[in-house]
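One structure is given here, and the rest of the page talks about it.
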Amino acid sequence: MTRGLRLARLGIALVVVAIVATSIVVVLTRTGTKKTAPAAMTGSPLPSPTPRPVFTFPAPGIEGFTVVGVGGLSLSREPAALIQSAVSQFYDQAFLDPATWANGVPEDAWSAFDASVRDQAIADTASLALGDTVPSLESVEVTEATLSVHLLLNTKKKPEAAFADIVFNATGTLTDGEAITITNRAKFLLRPVSNGWLIFGYPKATTRVTSTPVSTTPTLSATPTGATP
């Protein structure tokens, strides 16, 4: 092989090596500067609406009577607590649920009443509940709520029947700012069932709503100093 041919091949080899080296550098450079895809932007989660506080009557006053013997009061505490729960649930739905103000008392609220009087209770909604009588109601605040429970225990010291006396007062605000007062009085007769107590009579039940008109007192304008009246 001639000297010129060897030099030519050596030159070609050097060119190939240079091209390969350049390619490696390019690949390494690209690998080292590879952009990371930006993380998906996520907005802050919307806060969950604050649940409406559920209304519960304060601990009831209790009277326990036994047909024979003594010990009625101590045996009446547990059934009185069940009556408190049942009556509280009804009042929460009948007076304090915003859905009721617009749509009326929900059907399941009437399950607090025995089937024998349920239809009549629904017919007497205006006396037993607030219902949809004030559809523009915006808020209600309970100002007074008392519950007294009187229980009758049979000869086996088991609750046979109960009488509940209720006082319920509240204030409300309409969407136009007008204030209202809600007054309810009720006397319920209850009897025990397998899972609690049901109302089977209401010898007294009244609900009244009175309003206080928005003040329309005119605003007096001041006379500018030095001006002639």
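For segment 77-136, a tally of residues being surrounded by 17 or more Cβ atoms within 10 Å (Cβ to Cβ), touching a Gly at 6+ places or on another chain (Cβ under 9 Å) and of a type in the set (Asp, Glu) returns 1.
For segment 121-151, a residue qualifies if it is under 16 Å from Thr206 (Cβ atoms), of a type in the set (S, T, N, Q) and outside any strand (DSSP E or B), and the qualifying residues are Thr125, Ser127, Thr133. Residues in segment 104-124 that are farther than 18 Å from Phe163 by Cα and touching a residue at least 24 places away in the same chain (Cβ under 8 Å): Gly104, Val105, Asp124. The combined condition, being of a type outside the set (D, E, K, R) and at positive phi, is fulfilled by Gly104. Cβ-Cβ contacts under 9 Å between residues 6 or more apart (or on different chains), taken from a first residue in segment 138-159 that is closer than 24 Å to Ser76 by Cα to a second residue that is of a type in the set (Phe, Trp, Tyr) and at pLDDT below 95, are listed as His150/Phe65; Leu151/Phe65; Leu152/Phe65; Leu153/Phe65. Considering the conditions (1) farther than 25 Å from Gly64 by Cα; (2) touching a Leu at 6+ places or on another chain (Cβ under 8 Å), Asp176 is excluded by exactly one of them, (2).
Can you pull out every residue in segment 63-95 that is closer than 24 Å to Ala112 by Cβ and among the small types (Gly, Ala, Ser)? Passing the criteria: Gly64, Ser76, Ala80, Ala81, Ser85, Ala86, Ser88, Ala94. (1) in a helix (DSSP H, G or I); (2) closer than 23 Å to Val209 by Cβ: which one isn't true of Ser85, the others all being true? Tallying (1) in a helix (DSSP H, G or I); (2) closer than 23 Å to Val209 by Cβ, Ser85 fails exactly one: (2).
Val117 meets all of the listed conditions (1) under 18 Å from Asp176 (Cβ atoms); (2) over 18 Å from the mean Cα position of the chain (by Cα) but one, namely (1). For segment 161-172, the condition holds for at least one residue, the condition being that it is within 20 Å of Ala99 (Cα to Cα), polar (S, T, N, Q) and at pLDDT 95 or above. What do you reckon, is Asn154 buried (at least 17 other Cβ atoms within 10 Å of the Cβ), closer than 23 Å to Ile83 by Cβ and polar (S, T, N, Q)? No; evaluated as a whole, the condition is false for this residue. Of all residues in segment 179-201, those satisfying the criterion of being at pLDDT below 95 and either surrounded by 15 or more Cβ atoms within 10 Å (Cβ to Cβ) or among the polar types (S, T, N, Q) (or both) are Ser194, Asn195.
Figure legend. Inter-residue proximity from segment 56-71: first residues within 22 Å of Ala145 (Cβ to Cβ) and loosely packed, with under 11 Cβ neighbours inside 10 Å, second residues of a type in the set (Phe, Trp, Tyr) and modelled with pLDDT of 90 or more, beta-carbon distance below 8 Å, spacing 6+ or different chains. No pairs are indicated.
The values are calculated or read from the model by the stated rules, or taken from the named source; none is laboratory data. For clarity, every value in this text was computed on a predicted model and none was experimentally measured. Here the Cβ is made from the backbone with ideal geometry for all residues, glycine too, and neighbour counts use every protein chain on show.
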